[in-house]
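The values are calculated or read from the model by the stated rules, or taken from the named source; none is laboratory data. These figures come from a predicted structure and were not determined experimentally. Counting neighbours? That spans all protein chains shown, and the Cβs are built from the backbone with ideal geometry, glycine included.
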Amino acid sequence: MSGRIRSDGRSSPVGYLREHGFWWAVTLGALTPLAWLGWRAANGDLGVDPVNTINNLSGRTAMIVLLLSLACTPLNTIFGFRKALTVRKSLGLIALVYASLHLINFVGLDYGFDFGLIFQDAVLNKPYILAGSTALLLLIPLAITSTRGWMKRLGRNWKRLHRLVYAAGVLVVLHFLWQAKAAEREEPLIYAGVLALLLIVRIPSVRRWLVTHRTRLVGPKPPRVQTMQRAKPVKQSGD
Amino acid sequence: MVKIAPAEITPEHVFLNRRQFMAAAGVTAGSLALAACSPATLSSTSAPAANAEPALTTALGAEKLPAALAFAQPTASTSQDELGDPLNQFQEITNYNNFYEFSTNKEAVASEAAGFNPYPWQVQVTGLVNNPLVLDLDDIYKRYTQEERIYRLRCVEAWSMVIPWVGFPISALLKDADPKSEAQYVKFVTVYRPDEMRGQRSSILKWPYQEGLRLDEAMHPLAILGTGMYGKPLTNQQGAPIRLVVPWKYGFKSIKSVVTIELTDSIPATTWNNAAPNEYGFYANVNPEVNHPRWSQASERRIGESGRRNTLMFNGYADEVASLYAGMDLSGNF
Ligand code: HEM
């Protein structure tokens, strides 16, 4: 997860928006479902079964936002869309926010903080819960080490550590697939397909092939991006 | 587990005592002292659009409805089930429905089902019977006294409700059809109307929906054909105008909008069993000891409560129905 690209010497509002508008749009966009949920909760409008409403909305948004954060790197390395890197960290953290809400709803509203029952009923006897919980546990160290300080401190290991997000993604998709009924596997399978695609394009040979063919088809990276690179290089490559 | 007091949960309901209600159901609603509930005021209702007055009330008029179904406001004879748990609200019961013919989203079924037109309706009783029947709703109301049954409904998705159904024991209808001696099972089929039921245009399940019971299960006095709820005809989203209610089995057994009841000598194919045989058995008795392959069935969420409660064997009806399964391996026959 990277920090925002910063550039100096542009202090006008238009300049600021040009630099950071994308980050704000994506970040606020990703937080919109949370605001909507809060609004509905405040109005007592969470439906007949609030536990289910919160579960579905938080779970689904967590997963989509996590997949979006996984799309950032390939968008840059393959399509040269460098700005995508600016939102990767923000999306990763927001995914964790939704996943935490999902967990709090489960422990508190669903199981009424009955930890004995949670252990016996859910952890031991529901494999999909185990998959979801492991995914959430994996996301926590990634969130903690998402700062610039930790990036520097960990050096090359930072990238290695953050590869855990692939495992988290797989576990989340498995979690979704596992809890779905036989007649409702279509949606989780779509997410599984998207995740598979996002992981496959990271394989170095696949990525190289895609980059060569992209260059042949649409030419080299557009100049605007190169300007940005010159303005302030970001020390990141695809991972 | 936080319990919500009955008064909070059903403020709009006027509760009659059970004997009064049964008398009203059997004879005439005129004997009811409560004007707000009498058929005379049937046209007035405060229920919101999606689950408003079932079309039958308007179509037939109050006079044609049996007394047990002729209430303007949601009405039940009691505020709780025999275990002391409060009834769920009319609003909850009619806005949280698993009815894949309309939508896989439980809270969208009510509005998706608004265009369904269940009247007129015919149910045929066929197969291994000496006296095949074709009954319209009027026949059903005339032949079979509609009575109230307060039952728990336990969904396989691990949520539950307490519902004041109106209906009649299916045994009465089966006796009239007079099953032949070789009849051993009862197959039920939902209406097939892809024009009105948008879910039937997709292939998520094999349509029409089918369910089945062993004949002795169907003859059990707790097994009813439901025609109403809270003193009103069933809403479309609940499976209007007539559905099965088998309270000791997971909800998916209680097939909705039934058009065919067929007596057979072999075990009928059932929809969910077809879709995932290792996950949904033919019996589908509520059983906290038998896990679904991917999730525990030991606890459940009562809609309207927070926290969980333990799921009861046979959904709390073990005293009544356990003998049906004496000596049977319930995990093998899940
Ligand atoms: C401690 C970890 C977790 C627990 C205890 C948990 C629990 C649950 C439960 C109980 C359900 C509902 C199953 C049902 O309806 O039968 C569910 C669904 C779901 N969860 Fe989780 N989960 C966890 C982690 C996650 C994470 C990390 C994600 C995504 C990043 C996630 C995404 C989902 C999704 C997409 C669904 C499906 C929602 C739907 O059916 O609409 N879960 N989870």
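Can you confirm whether the stretch B:131-148 contains a residue that is surrounded by 15 or more Cβ atoms within 10 Å (Cβ to Cβ) and closer than 24 Å to residue B:284 by Cα? Looking for residues that are surrounded by 15 or more Cβ atoms within 10 Å (Cβ to Cβ) and closer than 24 Å to residue B:284 by Cα, one finds none in the stretch B:131-148, hence no. Among the residues of the stretch B:62-97, those identified as part of a loop (DSSP other than H, G, I, E, B) and either closer than 18 Å to residue B:146 by Cβ or of a type in the set (A, V, I, L, M, F, W, C) (or both) are B:65, B:66, B:70, B:71, B:72, B:73, B:74, B:77, B:78, B:83, B:87. Just to verify a result, which residue in the stretch A:109-121, among those that are touching a helix residue (DSSP H, G or I) at 6+ places or on another chain (Cβ under 8 Å) and within 7 Å of chain B (Cβ to nearest Cβ), is surrounded by the most Cβ atoms within 10 Å (Cβ to Cβ)? Among residues in the stretch A:109-121 that are touching a helix residue (DSSP H, G or I) at 6+ places or on another chain (Cβ under 8 Å) and within 7 Å of chain B (Cβ to nearest Cβ), the one surrounded by the most Cβ atoms within 10 Å (Cβ to Cβ) is A:110.
Within the bounds of the stretch A:110-125, is there any residue that is closer than 18 Å to residue A:61 by Cβ and near the ligand (Cβ under 8 Å from one of its atoms)? Yes - at least one qualifying residue is present in the stretch A:110-125.
Are any of the residues in the stretch A:60-70 under 21 Å from residue A:100 (Cβ atoms), in contact with a Gly (Cβ under 9 Å, 6 or more places away or on another chain) and more than 14 Å from the ligand (Cβ to nearest atom)?
No, every residue in the stretch A:60-70 fails to be under 21 Å from residue A:100 (Cβ atoms), in contact with a Gly (Cβ under 9 Å, 6 or more places away or on another chain) and more than 14 Å from the ligand (Cβ to nearest atom).
Test residue B:173 against the stated conditions and say whether it is at pLDDT below 95 and under 15 Å from residue B:243 (Cβ atoms). No, not satisfied.
Looking only at residues of the stretch B:274-288 that are outside any strand (DSSP E or B) and more than 11 Å from chain A (Cβ to nearest Cβ), we find that the one that is surrounded by the most Cβ atoms within 10 Å (Cβ to Cβ) is B:286.
Out of A:76, A:52, report the one residue that is crowded, with 17+ Cβ neighbours inside 10 Å and free of Cβ contacts under 8 Å to residues at least 12 places away in the same chain. Please lay out each step first, then the result.
Working: A:76 fails: free of Cβ contacts under 8 Å to residues at least 12 places away in the same chain.
That would be A:52, the only listed residue that is crowded, with 17+ Cβ neighbours inside 10 Å and free of Cβ contacts under 8 Å to residues at least 12 places away in the same chain.
Based on this model, can you work out whether residue A:128 counts as near the ligand (Cβ under 8 Å from one of its atoms), under 28 Å from residue B:299 (Cα atoms), assigned to a helix (DSSP H, G or I) and away from every other protein chain (no Cβ under 14 Å)? Considered against the rule, which asks whether it is near the ligand (Cβ under 8 Å from one of its atoms), under 28 Å from residue B:299 (Cα atoms), assigned to a helix (DSSP H, G or I) and away from every other protein chain (no Cβ under 14 Å), residue A:128 comes out as no.
Could you count how many residues in the stretch A:177-204 are more than 12 Å from the ligand (Cβ to nearest atom) and free of Cβ contacts under 8 Å to residues at least 12 places away in the same chain? Reasoning before the result, please.
Residues of the stretch A:177-204 that are more than 12 Å from the ligand (Cβ to nearest atom), as a first pass: A:182-183, A:186, A:189, A:193-194, A:196-204.
Now narrow it down to the ones that are free of Cβ contacts under 8 Å to residues at least 12 places away in the same chain: A:182-183, A:186, A:193, A:196-197, A:200, A:203-204.
Residues in the stretch A:177-204 being more than 12 Å from the ligand (Cβ to nearest atom) and free of Cβ contacts under 8 Å to residues at least 12 places away in the same chain: 9 in total.
Does the stretch A:160-174 contain any residue that is touching a residue at least 12 places away in the same chain (Cβ under 8 Å), part of a helix (DSSP H, G or I) and within 14 Å of chain B (Cβ to nearest Cβ)? Taking every residue of the stretch A:160-174 in turn, at least one turns out to be touching a residue at least 12 places away in the same chain (Cβ under 8 Å), part of a helix (DSSP H, G or I) and within 14 Å of chain B (Cβ to nearest Cβ). No other residue among B:196, B:211 is out of contact with any strand residue (DSSP E or B) (no Cβ under 9 Å at 6 or more places or on another chain) and surrounded by 14 or more Cβ atoms within 10 Å (Cβ to Cβ) apart from B:196. Looking across the stretch A:71-99, the residues that are within 13 Å of the ligand (Cβ to nearest atom) and either farther than 21 Å from residue A:196 by Cα or over 10 Å from the mean Cα position of the chain (by Cα) (or both) come down to A:93, A:94, A:97, A:98, A:99.
Residues that are touching a Phe, Trp or Tyr at 6+ places or on another chain (Cβ under 8 Å) and within 14 Å of chain A (Cβ to nearest Cβ) within the stretch B:300-331 comprise B:300, B:301, B:302, B:303, B:307, B:308, listed in sequence order. Quick one: would you say residue A:61 is away from chain B (no Cβ under 14 Å), in contact with a Pro (Cβ under 6 Å, 6 or more places away or on another chain) and on the phi < 0 side of the Ramachandran plot? Against the criterion (away from chain B (no Cβ under 14 Å), in contact with a Pro (Cβ under 6 Å, 6 or more places away or on another chain) and on the phi < 0 side of the Ramachandran plot), residue A:61 qualifies.
Of the residues making up the stretch A:148-155, not a single one is over 27 Å from residue A:197 (Cα atoms), within 14 Å of chain B (Cβ to nearest Cβ) and either touching a Ser or Thr at 6+ places or on another chain (Cβ under 8 Å) or of a type in the set (Val, Ile, Thr) (or both).
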